Amino acid sequence: MDSKQPFSFCSELQAMVDNRQAVGRTGKTFLGLEALSTDNNLTTLRNLCMRLKPELTLEIGLAFGGSCLVFTASHRDLGREPKRQHIAIDPYERQVWDDCGLVATERASLFHYLDFRAGPSFLELPKLINEGRQIDLVYIDGSHLFEDVFVDFYFVRKLLGDGKTVLFDDSSNPHVKKVLHFIRTNLAESFVPFDVGPFRADHGISLKYRLAGLAGHRQLLAFRKTGPSERPWDTHFHNF
Ligand SMILES: C[S@@+](CC[C@H](N)C(=O)[O-])C[C@H]1O[C@@H](n2cnc3c(N)ncnc32)[C@H](O)[C@@H]1O
């Protein structure tokens with residue numbers, strides 16, 4: 001990988017990261033792109049995709065389409081025919097983001113790898129369950145409110161195949177952190193921590209990354225589902 005052009009696999013993404021600028025369907029220009037996933041997250045997602053070779057991927061939160069470009073380009077680079085094998089959910093894509101993520105995916109000729117759902121995740125995720133989908137890799141990066149992340153994970157838990165992986169962005173955010181505590185305390189038998197360090201550009205060995213970990217700060221955290229996660233209705237509750 002070229003360290004100056006880490007996203008050379010997708011020129012649209014490389015330009016977005018370099019210029020911090022996106023243009024929407026009506027020509028509206030966004031500067032700064034605070035909502036874009038960090039370079040580290042994007043690199044980690046790319047390396048995870050190329051290593052784990054997920055057949056069906058899902059992200060909650062499309063915005064400018066940074067992570068969507070990674071997922072769709074990775075399906076292409078894994079040699080797959082475009083079959084809308086990346087699902088992206090975002091209820092604000094049109095009104096707030098002027099379709100920037102969709103436009104970027106079209107410009108990159110990756111649109112046919114994308115299955116875009118324009119409703120809120122709490123409505124779209126149950127539909128995916130009804131459709132009988134089994135997802136291999138999920139990136140939870142939508143609303144960061146505790147109740148929304150909790151509900152996202154509630155449904156994702158049912159959508160995720162055994163042995164498959166779920167990633168949480170902003171895992172040090174107190175809202176997200178609380179959900180992660182619930183998983184660790186109440187679902188530890190079916191969700192085991194999955195170290196994404198080796199998938200980062202620094203392979204997880206840089207001093208900065210290790211010190212941040214010791215201080216309990218992680219941008220991106222992952223769990224692997226080890227097996228069926230349904231629990232009897234009267235399972236003991238571990239406070240968290
Ligand atoms: C941090 S941004 C996503 C960034 C994107 N994954 C990337 O890599 O560029 C969070 C997104 O979540 C979306 N969002 C907010 N509430 C949501 C909900 N209930 N369901 C799905 N997406 C939601 C917002 O519209 C916003 O686009």
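How big is D, in µm² s⁻¹, for the stretch 12-102 by Stokes-Einstein at 4 °C and 1.567 mPa s if Rh is the Kirkwood radius over C-alpha pairs? Show your work: numbers first, answer last.
Values: Rh = 13.5 Å.
Roughly 96 µm²/s, to the nearest whole number.
From the Cα trace of the chain, what convex hull volume per residue do you get, rounded to a whole Å³?
Details: hull volume 30.2 nm³, N = 240.
About 126 Å³ per residue, rounded to a whole number.
Any idea of E81's accessible area? Nearest 10 Å², probe 1.4 Å.
130 Å²
Largest first, what is the accessible-area ranking of K53, K178 with a 1.4 Å probe?
Reading off the accessible areas and sorting them downward yields K53, K178.
Kindly flag which residue pairs out of K53/K225; K4/K164; K4/K177; K4/K28 have an alpha-carbon separation exceeding 24 Å in this structure.
K4/K164; K4/K177; K4/K28
Would you mind getting the accessible area per residue of the stretch 1-77, heavy atoms of the protein chains only, 1.4 Å probe, in Å²? Spell out each step's value before the answer.
On the way: 3290 Å² over 77 residues.
Each residue of the stretch 1-77 exposes 43 Å² on average to a 1.4 Å probe.
Counting only protein heavy atoms and using a 1.4 Å probe, what share of the accessible area of the chain belongs to carbon plus sulfur, as a whole percent?
Summing carbon and sulfur atoms, their accessible area is 55 percent of the total for the chain.
Would you please put 59-68, 221-230 in order of how densely packed they are, using the mean number of other Cβ atoms within 10 angstrom per residue and starting with the highest?
The densest-packed peptide leads the list: 59-68, 221-230.
Which whole number in µm²/s is D for the stretch 110-236 by Stokes-Einstein, with the Kirkwood Rh taken over Cα pairs at 25 °C and 0.890 mPa s?
156 µm²/s
Taking the convex hull of the alpha carbon atoms in the stretch 102-171, what volume per residue do you get, in Å³?
110 Å³
What value, in deg cm²/dmol to 500, does the helix sum -39500 (n - 2.57) over DSSP H runs of n ≥ 4 give at 222 nm once divided by the residues of the chain?
Details: 8 runs with 88 residues, N = 240.
Using -39500 (n - 2.57) per qualifying helix, the result is -11000 deg cm²/dmol.
If you wrap the stretch 52-156's Cα atoms in a convex hull and average its projection over all directions, what's the area in nm²? Display every interim value, and only then the final one.
Details: hull surface 24.8 nm².
Taking the Cα atoms of the stretch 52-156, their convex hull projects to 6.2 nm² on average.
Compute and list, largest first, the equivalent-ellipsoid semi-axes of the stretch 173-237 from the alpha carbon gyration tensor, each √(5λ) rounded to a whole angstrom.
So the equivalent ellipsoid measures 28, 14, 8 Å along its semi-axes.
Compare V151, V176 by solvent-accessible area with a 1.4 Å probe and give them largest first, with all protein chains kept in place.
Working: V151 50, V176 5 Å².
Sorted by accessible area, descending: V151, V176.
If you split all Cα-Cα distances of the stretch 1-54 into 10 Å bins from zero, what percentages do you get per bin, shortest first?
In order of increasing distance, the bins hold 21, 49, 24, 5 percent.
The values are calculated or read from the model by the stated rules, or taken from the named source; none is laboratory data. Note that the coordinates shown come from a computational prediction; the quantities given were computed from them, not determined experimentally. Cβ sites come from the backbone with ideal geometry, for glycine too, and all protein chains shown count toward neighbours. What goes into the accessible areas is simple: the full protein's heavy atoms, side chains included, and nothing from ligands, DNA or RNA. Shrake-Rupley method; radii C 1.70, N 1.55, O 1.52, S 1.80 Å.
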